[in-house]
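**Student:** Okay, handing you the structure first.
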Amino acid sequence: MKRTTYFAAACALLFLCVFSSGCTPMRSAARTDLLLGTIIDITIYGRTSQETLDAAADAAMARAKELEQIFSATLEDSELSYVNQNAANAPVTVSRDMYTVLERSLYFAHLSDGAFDPTLGRLIKLWGIGTKNAAVPSEDEIQPLIGQKNYEHVVLNETAQTVSFTTDNFELDLGAIAKGYAADEMKKLLTDDYNITCGLLNLGGNVITIGERYDGGPWSIGIADLQAPQDTANPALILEITDETIVTSGNYQRCFTAPDGTLYHHILDGNTGFPADTGLASVSILTDCSMDADALSTAAFVLGEQKARALLSRLDGIDAVFIDTQGQITTTAGIDGR
């Protein structure tokens, strides 16, 4: 595809729309690229030199490219591909980035009883949603891949920083958490290495803010109206956030229509092998760690609102916005007044 086609597609799939107003900052730098399976937009502000801002924006995008080479499930030479090919044979030494994400992935898999499951790689490939080969698999194809809880067969050794699989019946896919980790890492680089105190990073359905908006107020982040998700000018609601992240998982991000007219989305339930069907159209998680928000938005979507609320109530500093398939909006208490 041409870049214009990629950009249009990303806009069509984007659930979060970003609003900003107020005085124009003295200087800014912006970058856009197609990485980690989505359009990444970086915009940072400051009263430092333009050269420093440009260098910071370039470095953040370079970090995203580095992480794509680690976590991509489609690049044959990615670190994730190497792990999938070898971890069932012997422990594989992995990078700090890979180990960190795997460790957190297993935490959320156990916490959610598999609603978030990083070991659905083969099932995800079988459906092919988001690719030109998307199709509804047969029951015979799906049956061997469901209800396995293969995350229980992933073994991490912190001392040696290795990962191994105790069976060869699965593959990892970290697409439901890697973008969040990338957002956190890009923000960390900008703040720690370049002293950036104001900015916004948008990685598809993952938005993370740095500090306050350039005019001193909170950032205004819109969650798309499910009846018209492409209309970013008219969101379902707008949240005010400062130095936080909001991540949305929904049934209109990546999907395809089968020959019989049925619409299938990409958020798969490991127990059924089919797209999750819990009455939710989207879940947005608001917190300060984008990696956690990424995993929890998927888990909450698969669980459904009632079970998701029970899960989130066990965690500190996590809030959520639920939109059901009828367009009804409900939120956790921490959203009130925001």
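**Student:** Measure nothing fancy, just the Cα-based angle from helix 50-71's long axis to the longest principal axis of the chain, in degrees from 0 to 90, nearest 10.
**Tutor:** In the chain, helix 50-71 runs at an angle near 10 degrees to the longest axis.
**Student:** Follow-up question, since we're still on this one. By a straight-distance test (C-alpha under 30 Å), which lysines pair with Lys132 as possible cross-link partners, with residues fewer than eight away in the same chain excluded?
**Tutor:** Within the straight-line cut-off, Lys132 pairs with Lys2, Lys65, Lys149, Lys179.
**Student:** Taking the Cα centre of region 124-257 as origin, work out the dipole magnitude from +1 charges on Lys and Arg Cβ and -1 charges on Asp and Glu Cβ, in debye rounded to 20.
**Tutor:** On the way: 8 positive and 19 negative charges, 57 e Å.
With Lys and Arg at +1 and Asp and Glu at -1, about 280 debye.
**Student:** Evaluate the relative contact order of region 274-338 (contact order divided by residue number), counting alpha-carbon pairs under 8 angstrom at least 6 apart; express in whole percent.
**Tutor:** Working: 83 pairs, mean separation 23.7, N = 65.
Once divided by the residue count of region 274-338, the mean separation gives 36 percent.
**Student:** Along the Cα→Cβ direction, 7 angstrom out, place labels at Lys149 and Ala30. What is the inter-label distance in nm?
**Tutor:** 4.8
**Student:** Given just the C-alpha atoms of the chain, how large is their convex hull per residue in cubic angstrom? Mind dumping the intermediate values first?
**Tutor:** Numbers: hull volume 47.1 nm³, N = 338.
About 139 Å³ per residue, rounded to a whole number.
**Student:** Please list, by residue number, every one of the GluC sites (Glu not before Pro) in region 122-160 that is coil in DSSP and has at most 11 other beta-carbon atoms within 10 Å. Present the calculation step by step, with values, prior to reporting the outcome.
**Tutor:** Numbers: sites: Glu139, Glu141, Glu152, Glu158; in loops: Glu158.
Here the sparse-neighbourhood loop sites are Glu158.
**Student:** So, one more: Roughly how many Å² is the accessible area per residue of region 246-320, as a whole number, for a 1.4 Å probe?
**Tutor:** Working: 2860 Å² over 75 residues.
Heavy-atom SASA per residue in region 246-320 reads 38 Å².
**Student:** Treating the angle as unsigned and between 0 and 90°, give the value, to the nearest 10°, between the Cα long axis of helix 3-13 and the longest Cα principal axis of the chain.
**Tutor:** 80
**Student:** Another question, if that's okay. Taking the dipole about the Cα centre of the chain, with the C-beta of Lys and Arg at +1 and of Asp and Glu at -1, give me whichever of Asn234, Ala320, Leu203 is farthest to the positive side.
**Tutor:** Toward the positive end, the furthest listed residue is Asn234.
The values are calculated or read from the model by the stated rules, or taken from the named source; none is laboratory data. On a predicted model such as this, the values are computed, not experimentally measured, just so you know. All Cβ positions, glycine included, derive from the backbone under ideal geometry; neighbour counts span all protein chains shown. These area figures cover heavy atoms from the full protein model, side chains too; ligands, DNA and RNA do not enter into them. Shrake-Rupley method; radii C 1.70, N 1.55, O 1.52, S 1.80 Å.
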